[in-house]
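Inspection log for the structure reproduced underneath, given as structure tokens.
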Amino acid sequence: MSIIEVNNLRRTFSEHVAVDEMTFNVESGEVFGLLGPNGAGKTTTVRLLNGILPPSNGTARVFGLDPATQGEMIRRGTGVLTETPALYERLSAHENLKFFATLQAIPATDINRRVDEILEFFDLSSRAKDKVETFSKGMKQRLALARALIHKPPLLFLDEPTSGLDPEAAQQVNDLISNLSRANGQTVMLATHNLVEAQRLCDRVAVINKGRILALGSLNELARKLWPVTWVDITFHVKPRGDIAGSLKSSRGVIRVSMEDESLAVQVENADVIPEVVRHLANKGESILRVNPRDYTLEDIYFALQAGEA
Amino acid sequence: MNWRSIWAIARKDLNEVQQNKMAWGPAIALPLIFAILMPILFSTVPQFVPVENVQRELGDIEAMLKNLPPNMQAIFNGLELEQMFVLYMTAFLFAPLFLIMPLMFSSVVGADSFVGERERKTMEALLYSPATDMELFLGKVLAAVIPAIILSWLTYFVYIVVVNIASYGLLQRIWFPLPTWWPLMFWLTPAFAVLGISVTVMISARVKTFMEAYQLTGSLVVIVLGLVLGQISGVLFLGVGTVMLIGTVIWIVNAVLIHLSIRNFKRSSLIAKL
């Protein structure tokens, strides 16, 4: 079931097109990544989907509701982690959460219990009464995430959640995000330019630039779209005798073969051909040490797409 | 309209302003000066210093009294010069100055709430809450107006007590407040508190920092100074009718400004300024 449906969504600011004809769906329970460089339109998309900005054109539905006219109802079911923590630094962690819990209409009798519970979950209980201005960046980010989750929203928007954090704090935040979708089944939309983070967390991604979606799908789907053929590296225990490359070239599904010392690089039509190649070599009596299909990272995909766009 | 959200926003803003010494400094200093120091000074000076000497410094009190309407002049009939001095200074000359308080309190809190929140980059999280634009607006306005009125009324109360005690030796009776002060306290003071915040909201759309907003709204004091000068020169006298009329004009101005502010207070324009 789609929790977010976006059709030809467009938003302009005077002459500048921030979001350009975006179309995508986000399914319930998935972690969906919106990947792009700064200024690509990620934050504007999050704002459009929460009814903070009206679209210039196109439609969006979140929980089946229209953000342009039913923003308040949508925001009751969403939690947003903004790019900067946007916390009230002069107030304590407890006061910050209590305030947002009240705005989220959590019953007055439950607020303190819920605030204590979430502070405990984010390991901030010992600092509950301290002013936020005394917190480290990592603690502020955890508190901001706690604020986004205070009302247990089914849909979470995370805008650059690890921006400006040291690797340890970033790891903590990523672990928390990972747990949210796996353990609680919450739908997460992650807007980021951190590709390692996106690869680790996202089920599907939309790579965007200048407000347009360049590609949409899972990592494997995107890799297949970009590189329909695949390479496999085969290392032999003993250097093969005879023209093994020549014999392979005539096999079905093999496109190109190059031999170098004890290893062979084979370009095949798709991954299904690889077992055939291995069988062919084994039948020829070759002693195979390793078979490595080349994996594409999200980084490879992202830069290939952005380069294509440029 | 969700009043729980409105009060939560108002409480949060007040809680935040409490931590801003720049906002609270004047809120403590002004009532101390207006409600305690000045009345003690004006009520006790004539009891220790010959009033002729004071008169030489301040100008001719009798000439100033001639500027008052005849019915007000009657209040001074049969009084000693010292008594006239105390009565004139504390009950007439000083009255419009009190309007600085609601104006300043509400504009300082408003500047911190509307502009400060943007400056501290906390506005975005608030805009992602389910509170409606109107609820956000009302929460912020109430945070500025309610304490401004309450603080002003408290200052009036202390002033009334101090004036009566300090002048008792000279006048031998509890005489204050005079009738003019009632509409001043309950009609004009709330009007000025709302004027402070309405102008601040209008200004907040055009400035980037709390200090800019603070300085610009400070120019509203000119209105109060105009009233004081009008009273001294005899051009304008703050009797009950005049106070009611000025209050009505200010409330009409407030209604227009608030209407325009509500029309412009939209999430989409607020987020564009972040």
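Descriptive notes on the structure:
- Single residue of the stretch B:255-274 satisfying the filter (among the hydroxyl-bearing types (Ser, Thr, Tyr) and under 13 Å from A:Arg47 (Cα atoms)) that is nearest to the other protein chains (Cβ to nearest Cβ): B:Ser268
- Here B:Glu135, B:Glu117 are screened, and the one residue that is in a helix (DSSP H, G or I), open to solvent by less than 10 Å² (accessible area, probe 1.4 Å), among the charged types (D, E, K, R) and within 12 Å of chain A (Cβ to nearest Cβ) is B:Glu117.
- Residues of the stretch B:1-17 satisfying the condition of being surrounded by fewer than 22 Cβ atoms within 10 Å (Cβ to Cβ), more than 8 Å from every other protein chain (Cβ to nearest Cβ) and at pLDDT below 90: B:Met1, B:Leu14
- Pairing residues of the stretch A:226-245 that are modelled with pLDDT under 80 with residues that are open to solvent by 50 Å² or more (accessible area, probe 1.4 Å) and hydrophobic (A, V, I, L, M, F, W, C), at Cβ distances under 8 Å and at least 6 apart in sequence or on separate chains, gives A:Val229/A:Ile255.
- Checked against (1) within 17 Å of A:Thr187 (Cα to Cα); (2) of a type outside the set (Val, Ile, Thr); (3) within 14 Å of chain B (Cβ to nearest Cβ), A:Glu30 meets all criteria but (3).
- Taken over the stretch A:197-213, the criterion of being assigned to a helix (DSSP H, G or I) and in contact (Cβ under 8 Å) with a residue 40 or more places away in the chain is satisfied by A:Ala198, A:Gln199, A:Leu201.
- Scope the stretch A:274-295; condition surrounded by 17 or more Cβ atoms within 10 Å (Cβ to Cβ) and touching a helix residue (DSSP H, G or I) at 6+ places or on another chain (Cβ under 8 Å); matching residues: A:Val277, A:His280, A:Leu281, A:Glu286
- Any hit, the stretch A:79-95, residues being more than 10 Å from chain B (Cβ to nearest Cβ) and outside any strand (DSSP E or B): yes
- Condition broken by B:Val162, with the remaining ones in (1) over 20 Å from B:Ser113 (Cβ atoms); (2) surrounded by fewer than 18 Cβ atoms within 10 Å (Cβ to Cβ); (3) touching a residue at least 40 places away in the same chain (Cβ under 8 Å) satisfied: (2)
- Test: A:Thr44 is under 18 Å from A:Leu81 (Cα atoms), within 14 Å of another protein chain (Cβ to nearest Cβ) and not in a loop (DSSP other than H, G, I, E, B): yes
- Qualifying residue in the stretch A:9-24 (condition: hydrophobic (A, V, I, L, M, F, W, C), free of Cβ contacts under 8 Å to residues at least 12 places away in the same chain and out of contact with any Asp or Glu (no Cβ under 7 Å at 6 or more places or on another chain)): yes
- If you check A:Pro55, A:Pro67 for being in contact (Cβ under 8 Å) with a residue 24 or more places away in the chain, more than 9 Å from chain B (Cβ to nearest Cβ) and within 27 Å of A:Glu5 (Cα to Cα), only one passes: A:Pro55.
- Enumerated helices (runs of 4 or more DSSP H) restricted to the stretch A:96-196, each holding at least 2 residues that are within 20 Å of B:Thr122 (Cβ to Cβ) and more than 12 Å from every other protein chain (Cβ to nearest Cβ): A:108-121, A:137-149
Matching residues to (1) out of contact with any Asp or Glu (no Cβ under 6 Å at 6 or more places or on another chain); (2) part of a loop (DSSP other than H, G, I, E, B); (3) not polar (S, T, N, Q):
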residue	(1), (2), (3)
B:Ala166	yes, no, yes
B:Leu178	yes, yes, yes
B:Pro183	yes, no, yes
B:Trp187	yes, no, yes
B:Pro190	yes, no, yes
B:Leu195	yes, no, yes
B:Thr200	yes, no, no
B:Arg206	yes, yes, yes
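- Among residues of the stretch A:24-61, those that are touching a Ser or Thr at 6+ places or on another chain (Cβ under 7 Å) and under 21 Å from A:Ser181 (Cβ atoms), counted: 11
- Checked against (1) part of a loop (DSSP other than H, G, I, E, B); (2) within 21 Å of A:Pro293 (Cα to Cα), A:Leu264 passes all but a single condition, namely (1).
- Test: residue in the stretch A:247-261 that is open to solvent by 80 Å² or more (accessible area, probe 1.4 Å), closer than 30 Å to A:Gln199 by Cα and free of Cβ contacts under 8 Å to residues at least 24 places away in the same chain: yes
The values are calculated or read from the model by the stated rules, or taken from the named source; none is laboratory data. None of the values given here were measured: they were computed from a predicted structure. Cβ atoms come from the backbone with ideal geometry, glycine included; neighbour counts cover every protein chain shown. For the accessible areas, the whole protein counts, side chains as well, though only heavy atoms, and no ligand, DNA or RNA atoms are used. Shrake-Rupley method; radii C 1.70, N 1.55, O 1.52, S 1.80 Å.
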